[in-house]
Amino acid sequence: MQNSFRSGFVAVVGRPNCGKSTLLNKLLKQEIALVSHKANATRKKMNIIIPFVDKNGVDSQIIFVDTPGLHHQEKLLNQFMLKEALRAISDCDLCVFMSSIHDDLKYYEEFLTLSEKPHILVLSKTDTANNEEILKKIAEYQKYDNKFLSLIPISTQKSLNLERLLEEVSRHLPYSPPFFDTEIITDENLKQIYKEIIRESVFNNLSDEIPYESDVRIEKFIESPRLDKIFAKVFVEKESQKSMVIGKNAQTIKRIGKQAREKMEKIGEKKIFLELNVFVQKSWSKEKENLKKFGYNFED
Ligand SMILES: Nc1nc2c(ncn2[C@@H]2O[C@H](COP(=O)(O)OP(=O)(O)OP(=O)(O)O)[C@@H](O)[C@H]2O)c(=O)[nH]1
Ligand SMILES: [Mg+2]
């Protein structure tokens, strides 16, 4: 039947830490995207596929693309991250530009100089502001009302306006049969999701620069119906960081492993055996060839 299904790619972009990955996990009702209170947590694009039926009964498959935050750091890894976000913008049908309710308008103005993609402007974390602040910020953005399709203040934490956002996104998607099998929630493989869960645990359990100077590689992955075995390495830049990741009596690495394993068991719905080892690989994030080994390929 014609015009009975909508499907398209929707890049979710915005400043680091504004809540992009949290929103997509919430819409999916599963925590597969890495979330951290530290900025610059997401490093690669990830498709998160949400089925939705609008109020007229039209089915859609919204392929949200979680992206690294738009930022200006010079490091090579950060350049890769920015490139990922820009690529997601240029490849999508529609953007959701997200900014925290407290953010200055300059970040949105910067986005406007980057792209002319049709977009919905989302102001996040409204639970952290009072009504007066929210209305004032919305009024400030009105000078750009010829640029955005709509402006939606949301709170993921309070589940505020999330349905409205889906309704609005789906309304702007092209009529098209679904791109992906309607059962799947992401085209990412389980190994990649497990890697991100370990990285999330590193972000949660270590402070300062360590999460930014570390990454995870799954060296061996044995999948079976009731038990997945994962042998992974955490890489850091310096010897001193290695001792911090391991911690006194290996307490830190055990905590990282335990948290990651528990989350994997929830997502994989099976038992997990996880072995984590820590390695120093100087400059793993400072050379293109090295970054490639961690899946950050500039040429892709
Ligand atoms: N109060 C409040 N906090 C939120 C909300 N949404 C997300 N957060 C918090 O904001 C922080 C950042 O969330 P992320 O989802 O990792 O942000 P992000 O935009 O994906 O960040 P990057 O991947 O670094 O670009 C986390 O500590 C979240 O718990 C919200 O609606 N309200
Ligand atoms: Mg993120």
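Annotations for the structure displayed:
- Positive-end ranking of Ala139, Phe179, Ile120 along the dipole of the chain, with charges on Cβ about the Cα centre, is headed by Phe179.
- Cα gyration tensor, the range 5-171 - rounded (a/c under 1.5), prolate or oblate: rounded
- Once backbone amide H atoms are built at 1.01 Å from N, Ile62 has Ile50, Phe52 as its partners under 5 Å, excluding neighbours fewer than 5 places away on the same chain.
- Rounded to the nearest 10 degrees, the angle from helix 162-171 to the longest Cα principal axis of the chain is 70 degrees.
- Model label points for Glu223 and Glu109, set 7 angstrom from Cα along the Cα-to-Cβ axis, are 4.8 nm apart.
- Under the combined filter of DSSP loop state and at most 12 neighbouring Cβ atoms within 10 Å, the range 191-255 retains these GluC sites (Glu not before Pro): Glu209.
- Note on the range 67-203: antiparallel DSSP beta bridges, both residues inside, total approximately 10 percent of the bridges counted.
- The chain, helix-only ellipticity at 222 nm - DSSP H runs n ≥ 4, -39,500 (n - 2.57), divided by all residues, nearest 500: -10500 deg cm²/dmol
- Quotient of C-alpha Rg and 2.2 N^0.38 Å, computed over the range 123-201: 1.51
- Whether the range 5-61 is rounded, prolate or oblate, judged on the alpha carbon gyration tensor where a/c under 1.5 counts as rounded: prolate
- In this structure, the amide hydrogen of Ser150, modeled 1.01 Å from its nitrogen in the peptide plane, lies closer than 5 angstrom to those of Leu121, counting only residues at least 5 positions away or on a different chain.
- Each Cα pair under 8 Å and six or more residues apart adds its separation to the average, and for the range 92-233 the resulting relative contact order is 17 percent.
- Accessible surface, the range 190-293, averaged per residue in Å² (probe 1.4 Å): 53
- Cα principal axis extents for the range 151-267, largest first, Å: 55, 37, 23
- Cleavage-rule hits (trypsin sites (Lys or Arg not before Pro)) in the range 251-295: DSSP loop, at most 16 neighbouring Cβ within 10 angstrom: Lys270, Lys282, Lys286
- Looking at the range 190-293 alone, DSSP beta bridges between its own residues are antiparallel in about 45 percent of cases.
- Ser150/Lys270 FRET efficiency (R0 30 Å; Cβ-Cβ; nearest 0.05): 0.15
- Table column - 3J(HN,Hα) (Hz), the range 43-52, Karplus curve with 6.51, -1.76, 1.60, x for Gly and Pro: 10, 10, 5, 9, 7, 10, 9, 10, x, 8
- Other residues lying with their Cβ under 14 Å from the Cβ of Lys55 contribute a combined charge of -2, Lys and Arg counting +1, Asp and Glu -1.
- Ranked by the mean number of other Cβ atoms within 10 Å of their residues, highest first, the peptides 34-41, 21-28 come out as 21-28, 34-41.
- Degrees, to the nearest 10: 131-141 long Cα axis against longest axis of the chain: 80
- Relative contact order of the range 5-171, taken over Cα pairs closer than 8 Å and 6 or more residues apart, is 24 percent.
- Charged neighbours of Leu76, selected by a Cβ distance under 9 Å, balance to +1 (K, R count +1; D, E count -1).
- Applying both filters, DSSP loop and at most 16 other Cβ atoms within 10 Å, to the chymotrypsin sites (Phe, Trp or Tyr not before Pro) of the range 153-247 gives Phe179, Phe180.
- Mean-square fluctuations from a GNM of the chain, with a 10 angstrom spring cutoff on Cα atoms, peak among Arg199, Arg217, Arg171 at Arg171.
- Relative contact order, percent, the chain [alpha-carbon distance under 8 Å, six or more residues apart]: 19
- DSSP beta bridge pairing in the chain, given as percent antiparallel to the nearest 5: 35
- Within the chain, the proportion of Cα pairs with more than 27 Å between them is 45 percent.
The values are calculated or read from the model by the stated rules, or taken from the named source; none is laboratory data. Quick caveat: nothing in here was measured; it's all calculated off a predicted structure. Ideal geometry is used to build each Cβ from the backbone, glycine not excepted, and the neighbour counts take in all protein chains shown. Areas reflect the complete protein model, heavy atoms only, side chains present, ligands, DNA and RNA absent. Shrake-Rupley method; radii C 1.70, N 1.55, O 1.52, S 1.80 Å.
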